[in-house]
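Notes follow once the structure below has been shown.
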């Protein structure tokens, strides 16, 4: 076995924080798929999701020394950067110009692969969508959801509950059954 394979995440994290690009790649690669899935649900646009994850990766590389905690904090820390990138993408003038010029998303035919639940999730505001995606879609435990949202675990639990309640209220009886 090579030395890199036997290395523990704390050593890899330390080397990445010192500027080792290979160590950073080793740390971030397993997080890219969940990050992309988060961004895709938050932005409902594949290209924008890819851009958000790419920007988040660059920011994570630049700010890796600011990561507090150990390697177990890396996933919620990185996903919070992705979520912030998604929020910023939705706020930018360019995003709003494209979305205004585009046909209203609810009037546009949805792909058949979209489930009723997925469509209802997309109707939620991004702030309501985020805790649900982190907890149920990405399967993050409550403490990691709390870290990603920068709140206490009890506040994260409350946000998940409130968002789920809004989601249930938005589903029609036909969508539920």
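Take the Cβ-Cβ distance between residue 157 and residue 14 as r, set R0 to 45 Å, and report the resulting FRET efficiency rounded to the nearest 0.05.
Working: r = 33 Å, r/R0 = 0.73.
Efficiency for this residue pair is about 0.85.
Computed FRET efficiency, Cβ-Cβ of residue 166 and residue 66, R0 30 Å: what is it to the nearest 0.05? Before the final figure, lay out each step's value.
Working: r = 33 Å, r/R0 = 1.11.
FRET efficiency, residue 166 to residue 66: 0.35.
With each pseudo-label sitting 7 Å past Cα toward Cβ, what's the residue 127-residue 115 distance in nm, one decimal?
With each label placed 7 Å out from Cα toward Cβ, I get 2.7 nm.
Values in this text are rule-based calculations from the coordinates and carry no lab data. No experiment lies behind these values; they were computed from the predicted model shown. Note that we place each Cβ from the backbone using ideal geometry, even for glycine, and neighbour counts take in every protein chain shown.
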